[in-house]
Amino acid sequence: MSKSENISLSVIKRLPRYYRFLGSLKKQGIVRISSRELSERMGLTASQIRQDFNCFGGFGQQGYGYIVEQLHEEIGKILGVGRRMKAVLIGAGNLGRAIATHMEFERNGFKLIGLFDRDEKVRKNTVGGMKVMSMDELDGFCRENKPDIAIICLPDSSVAAVTERLISLGVNGFWNYSHYDIHLNFPEAKVESVHLSDSLLVLGYNMKNCE
């Protein structure tokens with residue numbers, strides 16, 4: 001499997017969909033699938049699928065197709081599913097608690113090891129069997145446990161200071177649920193921003209303009 005530093009973001013963003021879809025095929029007991037069959041099931045072109053996989057060296061054999069379990073495993077390796085990166089969640093309000101409770105972290109290569117909030121009322125809660133800790137405990141916890149990423153569920157006004165603090169503690173990956181652009185002041189950080197309202201607005205556009 002070759003590595004490339006010039007793989008487009010659009011290809012990378014399709015990888016989780018391939019991984020999820022192949023996992024479903026594996027559960028169905030499907031052993032082998034061609035790029036044409038995969039394209040029909042996923043609504044992509046066979047050419048697009050082959051191009052995407054060729055970015056990583058290609059996985060199938062012409063005239064034989066792809067071994068579903070093997071392809072699922074290889075894409076999982078590319079996505080880092082087996083690394084078990086450690087995560088802390090900052091902001092254990094309604095959104096943070098929902099993420100901590102319902103997200104399948106370990107299945108996706110992460111382990112949630114700590115939750116933090118400044119609100120004393122929130123800290124009375126136990127989420128997923130974990131006690132919500134005070135922000136005053138964050139520095140010591142990070143120095144001892146060395147988390148890889150932080151999940152940010154904070155108001156926009158609080159994100160810059162908390163991000164700077166986390167970066168100084170060695171955290172360089174951020175799953176950002178705020179509207180604050182972390183890359184603006186921290187261009188070296190690895191950030192994946194989730195804007196749920198953007199997705200809803202796109203749906204609104206499609207409802208209005210694609211009737």
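The values are calculated or read from the model by the stated rules, or taken from the named source; none is laboratory data. All of these numbers come straight from a predicted model, not from anything done at the bench. Positions of Cβ are generated from backbone atoms using ideal geometry, with glycine treated the same way; all protein chains shown enter the neighbour counts.
Computed quantities for the displayed model
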quantity: Unmet requirement for Gly128, which otherwise passes all of (1) in the same structural domain as Phe21 (by TED's automatic domain parsing); (2) surrounded by fewer than 16 Cβ atoms within 10 Å (Cβ to Cβ); (3) of a type outside the set (Val, Ile, Thr); calculated: (1)
quantity: Filtered residue count, the stretch 160-211, keeping only those that are of a type in the set (Asp, Glu) and closer than 22 Å to Phe105 by Cα; calculated: 1
quantity: Residue pairs meeting the criteria (Cβ under 7 Å; at least 6 apart or on separate chains; first in a loop (DSSP other than H, G, I, E, B), in the stretch 131-147; second among the aliphatic types (A, V, I, L, M)); calculated: Pro147/Ala87; Pro147/Val88; Pro147/Ile113; Pro147/Val171
quantity: Test: residue in the stretch 118-125 that is assigned to a loop (DSSP other than H, G, I, E, B), closer than 14 Å to Ala98 by Cα and not β-branched (Val, Ile, Thr); calculated: yes
quantity: Checking Ala150 against (1) outside any loop (DSSP other than H, G, I, E, B); (2) in contact with a helix residue (DSSP H, G or I) (Cβ under 7 Å, 6 or more places away or on another chain); (3) more than 15 Å from Ala87 (Cβ to Cβ); (4) not basic (Lys, Arg), the condition it does not meet; calculated: (3)
quantity: Every pair of residues 6+ apart whose Cβ atoms lie under 6 Å, when the first sits in the stretch 185-211 and is under 20 Å from Gly96 (Cβ atoms) while the second is assigned to a strand (DSSP E or B) and polar (S, T, N, Q); calculated: Val191/Asn176; Ser193/Asn176
quantity: Every residue from the stretch 170-188 that is in a loop (DSSP other than H, G, I, E, B) and surrounded by 18 or more Cβ atoms within 10 Å (Cβ to Cβ); calculated: Val171, Tyr177, Ser178, Tyr180
quantity: Some residue of the stretch 143-150 being buried (at least 20 other Cβ atoms within 10 Å of the Cβ), modelled with pLDDT of 95 or more and of a type in the set (A, V, I, L, M, F, W, C); calculated: yes
quantity: Any pair with Cβ under 6 angstrom, 6 or more apart, that starts in the stretch 85-102 at a residue that is in a loop (DSSP other than H, G, I, E, B) and ends at one that is of a type in the set (A, V, I, L, M, F, W, C) and modelled with pLDDT of 95 or more; calculated: Gly91/Cys153; Gly91/Leu154; Ala92/Leu115; Ala92/Val132
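Rundown of residues vs (1) in contact with a Gly (Cβ under 7 Å, 6 or more places away or on another chain); (2) under 19 Å from Arg17 (Cβ atoms); (3) at pLDDT 95 or above; (4) outside the structural domain of Val162 (by TED's automatic domain parsing), yes/no style:
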{"residue": "Gln70", "(1), (2), (3), (4)": "no, yes, no, yes"}
{"residue": "Ala92", "(1), (2), (3), (4)": "no, no, yes, no"}
{"residue": "Ala100", "(1), (2), (3), (4)": "yes, no, yes, no"}
{"residue": "Lys111", "(1), (2), (3), (4)": "no, no, yes, no"}
{"residue": "Gly114", "(1), (2), (3), (4)": "no, no, yes, no"}
{"residue": "Lys121", "(1), (2), (3), (4)": "no, no, no, no"}
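Residues are listed down the side, and each one gets a yes or a no for (1) aliphatic (A, V, I, L, M); (2) surrounded by fewer than 16 Cβ atoms within 10 Å (Cβ to Cβ):
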residue	(1), (2)
Phe56	no, no
Phe59	no, no
Gly80	no, yes
Ala87	yes, no
Gly91	no, no
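Rundown of residues vs (1) closer than 26 Å to Ser193 by Cβ; (2) touching a residue at least 24 places away in the same chain (Cβ under 8 Å), yes/no style:
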residue: Ser35; (1), (2): no, yes
residue: Gly43; (1), (2): yes, no
residue: Ser47; (1), (2): no, no
residue: Tyr64; (1), (2): no, yes
residue: Glu74; (1), (2): no, yes
residue: Gly82; (1), (2): yes, yes
